[in-house]
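A short worksheet on the structure shown next.
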Amino acid sequence: MSSRSKMSNEPHLIVGIGELLWDILPDGPRLGGAPANFSVMAARLGNHTAILSRIGRDELGREAMNQLDPMPVDASHIEIDPIHETGKVTVRFEDGEPHYTIHEPAAWDFMELTGTWVQLAERANAICFGSLAQRCRESRQTIQTLVAQTKASCIRIFDVNLRTPFYSGEIVQESLELATMVKLNETELPLVMNLLGMPMGEAVSTDALRIGAEKLLDEFPTLEMVAVTRGGHGSLLVRRKEWNEHPGLPIEVVDTVGAGDAFTAALAHYMLKGASLATLNEAGNLWGSWVASQSGAMPALAEDVLKAATAAIEG
């Protein structure tokens, strides 16, 4: 599809709020956290982006800022916690899929609402928030208040990341009521439906996923799109009057940490350009698979790779 002429190229302000942490991988620590991964990828695609999070006054916190410093993302609004440590997650892999041990408490559990954060939210064209960062009352209140401060045209992305035991039906319900888009994987959709009292069984066929997504759209009037990722099998995007399925792209997986966040960032980027569902799906799968083919959640992106991928999506 040729969509270049139809899409805006104006830079947008995109905000990611939530956990900034270190993924302790088998080959060593890597900076991550879904909102941070999302923000860095959105920045690399050409947007003005800001990370809103909280780190400790410790070595891992200082190293996080050192690593973010050369990246094309605004990290100047990250808070420093004088008491709590920078977040850590131990990651182990089984059959190529990551399994997480999320240590608590962490500095990002205690994010404070500030006037500067509110001003950023009021200017944002898109904001991304998740369920994990809402596990503690302080950050939950900050996130929900901030998302509610955005303008009516802002794309409000609820990135479902169900990590046992850090989620509840209440958190999911409140987040969906704020969101204009929800992104979740094919395993999470049945769990979310069960939490909301709308069981759909364990089936993950395209029809079952589409029907589940349509039920969410019916239940939450502010929702405009449901994005369901299916790992190496692509993704399904559902709006009220249309849907699009992508089969996925064949790649050699290095690790999948951050791949879903890159998918979400690509969707936000191209939604703000006014792209079609098919283009959104192509962009999400291309950038998600690219991150899965690299090591770590924030791999360096060469200019020639960016140009080639952009041409493939928009050309």
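The values are calculated or read from the model by the stated rules, or taken from the named source; none is laboratory data. Predicted model, so just to flag it, every value in this text is computed and none were measured. Cβ sites come from the backbone with ideal geometry, for glycine too, and all protein chains shown count toward neighbours.
Taking residue 143, is it in a strand (DSSP E or B) and crowded, with 21+ Cβ neighbours inside 10 Å? I'd like the intermediate steps shown before the answer.
On the way: in a strand (DSSP E or B): no; crowded, with 21+ Cβ neighbours inside 10 Å: yes.
No: the conditions fail for residue 143.
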*Hey, does segment 92-112 have a residue that's in contact with a helix residue (DSSP H, G or I) (Cβ under 7 Å, 6 or more places away or on another chain) and surrounded by fewer than 16 Cβ atoms within 10 Å (Cβ to Cβ)?*
yes
*asked:* within 15 Å of the chain's Cα centre (by Cα) and buried (at least 23 other Cβ atoms within 10 Å of the Cβ): which single residue out of 209, 184, 189 fits that description?
replied: 184
*From the list 138, 122, 97, which one is under 22 Å from residue 22 (Cβ atoms) and either without any contact (Cβ under 8 Å) to a residue 60 or more places away in the chain or β-branched (Val, Ile, Thr) (or both)?*
138
*asked:* Looking at segment 258-309 only, could you name the residues that are over 19 Å from residue 234 (Cβ atoms), touching a residue at least 60 places away in the same chain (Cβ under 8 Å) and not charged (D, E, K, R)?
replied: 272, 274, 295, 296, 297, 298, 301, 306
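Take the residues of segment 169-200 that are of a type in the set (Ser, Thr, Tyr) and modelled with pLDDT of 95 or more: which is nearest to residue 236 (Cα to Cα)?
Within segment 169-200, the first condition is being of a type in the set (Ser, Thr, Tyr), and the residues that meet it are 175, 180, 187.
Now restrict to residues that are modelled with pLDDT of 95 or more: 175, 180.
Numbers: 175: 21, 180: 16 Å.
Looking at the filtered set, the residue picked out is 180.
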*Could you check residue 41 against (1) part of a helix (DSSP H, G or I); (2) farther than 19 Å from residue 158 by Cα and say which number it fails?*
(2)
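Please state which one of 74, 81, 27, 58 is more than 20 Å from the chain's Cα centre (by Cα), charged (D, E, K, R) and under 23 Å from residue 118 (Cα atoms). Give the derivation first.
Numbers: 74 fails: more than 20 Å from the chain's Cα centre (by Cα); 27 fails: under 23 Å from residue 118 (Cα atoms); 58 fails: under 23 Å from residue 118 (Cα atoms).
81 is the lone residue from the list that is more than 20 Å from the chain's Cα centre (by Cα), charged (D, E, K, R) and under 23 Å from residue 118 (Cα atoms).
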